[in-house]
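These notes concern the structure reproduced below.
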Amino acid sequence: MSIIVVGLSHKTAPVDVREKLSFPEAMVPDALKALKGYEGIKESLILSTCNRVELYASVNDSGMGVAQIKKFISDYHKLSPESLEQSLYVRTDAEAVRHTFRVASSLDSMVVGEPQILGQLKDAFEFALKAKTTSAILNKLLKKAISSAKRVRTETKIAESAVSISFAAVELARKIFGDLEGKTVMLLGAGEMAELAARHLLNNGVKSIMVTNRTFERAVELAKEFNGSAVHFDDFPTEMVMADILICSTGAPHYVVKHDAVSRALKDRHHKPIFMIDISVPRNIDPEVNKIDNVYLYDIDDLKGVVSSNIEGRQKEAEKAEEIVVQEVETFLQWERSLDAVPTIVDLREKVEDIRKCELEKALGQLNGISDGQRNAVEALSTAIVNKIVHAPIVVLKQEAADTANEELFKFARKLFNLDKELKRHIHEKGIGSSGKDEPGRG
Amino acid sequence: MVYLLSAAGYIAYIINPELKKTARASFAGAAIGFLLHLAYFSFRWSESGRIPVTNFFEAINFLGMGIVLVFLVMEFRYRIAALGSFMLPLVIIFMIPAATVSGKIEEIKPILRSGWLGVHTTLAVLGDAAFAFAFIVSIMYLIQERQLKAKQWGAIFRRLPSLEVMDTLGYKAISFGWPLFTLGMITGSIWAEIAWGTYWSWDPKETWSLITWVTYLVLLHLRTMGWRGRKMAFLSIVGFVFVLVSFFVVSRVPVGKHIF
């Protein structure tokens, strides 16, 4: 049994290729079902985001599994297999596990440490669970990947700092106000970045938003979009009193927010702090404003500075995160290897249990007229002896399997306890034991 | 000693924020330190048969204990580990002079033996401890405020709570400490009347306390008028400097009744 990952990401394919191969959420259950029909695919999961499309599977034979998945992708998207070859990468076994953990921990993301990927992976897992296309191995893989990602997040600072302008704005606002609950933001002008920053602030607890624009209609439009209120452009210096955060992005070639207006507004709001973000170029807020007490002015370069120093910090944290991933991969691989011992252990237990029952019957046949209590004592004795004898070999098998994946050891153990021939003959002769369990290929 | 360890733990935490466990251990350390301190305090009390606050050594000990108590309560309530990194070093700085002066138990003048002694000093010390807390928070506020304005982040920037939280905490501490301090002055004055027959005699300690009291009163008044932030933090630091002066300098000047 081996784990494989076939896919493509922002690292191997441009967006137009990723688009073609993506699985929109609505299609995922159907795709999982289709994938199930391919030969040798035991378990499967599809992760499709705007930056990556990846298919995870557990298969009997990795070479065949990879071929089957590639075939599925080209069939499903009706693309020639050759056209895929260039952008698809393949990871198998330990590499596949490592890849999964790195993706979950956001180490493989375009913006390292971005938090969305873990949620997307959880969703993908959820879909697969609903479609019942995963079982023991992928379930364990995904659970471990998710818990490792959480470990990475708590033990490193990888996700702590903001690496986009709009998140940097939220972070700074938190540094000034703490909880953003109940704060008011004022959007002066429009523009993609300003709107994004406003949206992030709203998502992080900001209560209300005021929008103002030179063209009032545009302000009304935006206000509706944000569920806020529109303010006439001429009124903004007085309305500014209400704003805890001011995002400014107008196309004006001069200062729109002036020193006097700000210092007046501050007096009127009893010197409660104002956080001003000037995204416009050329700047629209007089830089002198930053010298006023309780006013914190950040222009686009300041925010970029915050972001770039944060990115640097993340790189360092990513190294620590990689170490955690290495540890977690090792524990997963140990678990996976220990599965190899399971058939041998099951056979061993069955065999000794058969012997015990058989010998017990013989002995009890000879002991006539013993009481129930005595009978129980003899039974308990037999169980205890058998359990004690097999305990040590079982522990060793499990441990060795986890540590080394030593095939020879299982062969040797089977020989030592005579599991292969004896077991079956025994069961046949006596007709005891659960016959359904000794399916071929167990050893 | 335990305080020293705890302070070291907190400083390590603020330098390396991954040491969350160290910070938690430091909190426990500070709590244990406080209990030991309290035990020592009680021991001295039972040895001397009076509340041990009558000489310089004892007074500093008592103040240190008060500060740690305020710190423990605030830390427990607000969970701002960075507080410890500032508060405990302050306590240690306080305790150093205590270690250098004689710790032996002295007899006090019978005229001062009174239940008022405990009430007056406890109130004053709790007030001072609250001011010390406000002082620390104000320093933290100013550090963060300056970094936010200058757009340059120091190593501890991330560990500091938000400006608004620190501003509010500082104000709360003062509005809690000031009434206690006021009561401390009133009880002291009543006691003075009993002991010396006069409510107020302008001895240096009394004068400085009055200055301190007025400073914080002005601060509270300005606050209700809408002052906040940097200026408040400055004023709170000034107020605490007066506390320090009256505690460490005035007490050593050999004039008046508050000599230790």
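Every number in this text was worked out from the coordinates using simple rules, so none of it is lab data. Here the structure is a predicted model, which is why all the values come from computation and not from measurement. Using ideal geometry, Cβ is built from the backbone for each residue, glycine included, and neighbour counts are taken over all protein chains shown.
Which cross-chain or sequence-distant (5 or more) residues have an amide H under 5 Å from the amide H of A:Ile277, H modelled 1.01 Å from N in plane?
A:Leu246, A:Ile247, A:Cys248, A:Tyr298
Report the far tail of the P(r) of the range A:165-301, meaning the percent of Cα-Cα pairs longer than 25 Å.
On the way: 1312 of 9316 pairs.
Within the range A:165-301, distances greater than 25 Å cover 14 percent of Cα pairs.
Enter the angle in degrees (range 0 to 90, nearest 10) between the Cα long axis of helix A:372-404 and the first principal axis of the Cα atoms of chain A, meaning the one along which they spread out most.
Between the helix axis and the principal axis of chain A, the angle is about 50 degrees.
Quick one: 3J(HN,Hα) in Hz for the range B:125-131, Karplus 6.51/-1.76/1.60 with θ = phi - 60°, rounded, Gly and Pro as x.
Each residue's phi maps through the Karplus curve to give 5, 4, x, 4, 5, 5, 5 Hz.
Answer rounded, prolate or oblate for the protein assembly as shown, using the Cα gyration tensor with square roots of eigenvalues a ≥ b ≥ c: rounded when a/c is under 1.5, else prolate when a/b is larger than b/c, else oblate.
oblate
Counting DSSP beta bridges in the protein assembly as shown, what percent are antiparallel, to the nearest 5? Show your work: numbers first, answer last.
On the way: 19 of 43 bridges.
Restricted to the protein assembly as shown, the bridges split so that about 45 percent are antiparallel.
Show me A:216-224, B:130-138, B:67-75 ranked by packing, highest mean number of other Cβ atoms within 10 Å first.
Going by the mean number of other Cβ atoms within 10 Å, highest first, we get B:130-138, B:67-75, A:216-224.
How far is helix A:300-338 tilted off the main Cα axis of chain A, in degrees rounded to 10, range 0 to 90?
Result, in degrees: 10.
Just rank A:Asp260, A:Asp61, fewest to most, by other beta-carbon atoms within 10 angstrom.
Ordered from fewest to most neighbouring Cβ atoms within 10 Å, A:Asp260, A:Asp61 come out as A:Asp260, A:Asp61.
What ranking of B:Thr182, B:Thr224, B:Thr187, B:Thr212 emerges when the number of other C-beta atoms within 10 Å of each C-beta is taken as an exposure proxy, fewest first?
B:Thr224, B:Thr182, B:Thr187, B:Thr212
Going down the list B:Lys151/B:Lys172; A:Lys150/A:Lys175; A:Lys11/A:Lys398; A:Lys175/A:Lys320, which pairs span over 32 Å between their C-alpha atoms?
Values: B:Lys151/B:Lys172 28 Å; A:Lys150/A:Lys175 24 Å; A:Lys11/A:Lys398 39 Å; A:Lys175/A:Lys320 26 Å.
Where the Cα-Cα span goes over 32 Å, the pairs concerned are A:Lys11/A:Lys398.
Apply the Debye scattering formula to the range A:173-228, with a single equal point scatterer on each alpha-carbon and no solvent, then give log10 I(q)/I(0) at q = 0.14, 0.21, 0.26, 0.30 Å⁻¹.
-0.35, -0.73, -1.02, -1.24
Work from the charge dipole of the range A:165-301 (Cβ charges, +1 for Lys and Arg, -1 for Asp and Glu, about the Cα centre) and give the residue of A:Pro237, A:Val220, A:Ala265 farthest towards its positive end.
Projecting each Cα onto the dipole axis, the largest value belongs to A:Ala265.
For A:Thr134, which sequence-distant residues (separation of 5 or more, or a different chain) have an amide H within less than 5 Å of its own amide H, given hydrogens modelled in the peptide plane?
Here the answer is A:Ser44, since their amide H atoms fall under 5 Å of that of A:Thr134.
Test of understanding: ordering B:Phe43, B:Phe181, A:Phe125 by Cβ neighbours within 10 Å, fewest first, what list do you get?
B:Phe43, A:Phe125, B:Phe181
Give a residue-ordered list of calculated ³J(HN,Hα) values for the range A:245-250 (Karplus: 6.51 cos²θ - 1.76 cosθ + 1.60, θ = phi - 60°; whole Hz; x for Gly, Pro).
Working through the residues one at a time gives 10, 10, 10, 10, 7, 10 Hz.
Considering only Cα-Cα distances, which of the following residue pairs are longer than 22 Å: A:Lys20/A:Lys143; A:Lys122/A:Lys304; A:Lys122/A:Lys207; A:Lys33/A:Lys78? Before the final figure, lay out the partial values.
Working: A:Lys20/A:Lys143 29 Å; A:Lys122/A:Lys304 32 Å; A:Lys122/A:Lys207 30 Å; A:Lys33/A:Lys78 17 Å.
With Cα atoms farther than 22 Å apart: A:Lys20/A:Lys143; A:Lys122/A:Lys304; A:Lys122/A:Lys207.
Answer with one residue from A:Thr133, A:Leu297, A:Pro24: the one whose Cα lies farthest towards the positive end of the charge dipole of the protein assembly as shown, charges on Cβ with Lys, Arg +1 and Asp, Glu -1.
A:Leu297
Could you compute the FRET efficiency for B:Phe76 and B:Gln147, with r as their C-beta to C-beta distance and R0 at 45 Å, rounded to 0.05?
Efficiency computed from Cβ-Cβ geometry: 0.95.
When chain A is treated as a GNM, springs tying every alpha-carbon pair under 10 Å, which of A:Asp30, A:Asp93, A:Asp123 comes out with the largest mean-square fluctuation?
Checking each option, the largest mean-square fluctuation is seen for A:Asp30.
Using a Gaussian network for chain A with springs between C-alpha atoms less than 10 Å apart, which of these wobbles most: A:Glu39, A:Glu328, A:Glu359?
Answer for the Gaussian network model of chain A: A:Glu359.
For chain A, find the longest principal axis of its Cα atoms and tell me its angle to the long axis of helix A:342-366, 0 to 90°, nearest 10.
Taking the Cα atoms of chain A, the angle to A:342-366 is about 40 degrees.
Could you identify which residue out of A:Pro81, A:Pro115, A:Pro253 has the top mean-square fluctuation in a GNM of chain A using Cα springs shorter than 10 Å?
A:Pro253
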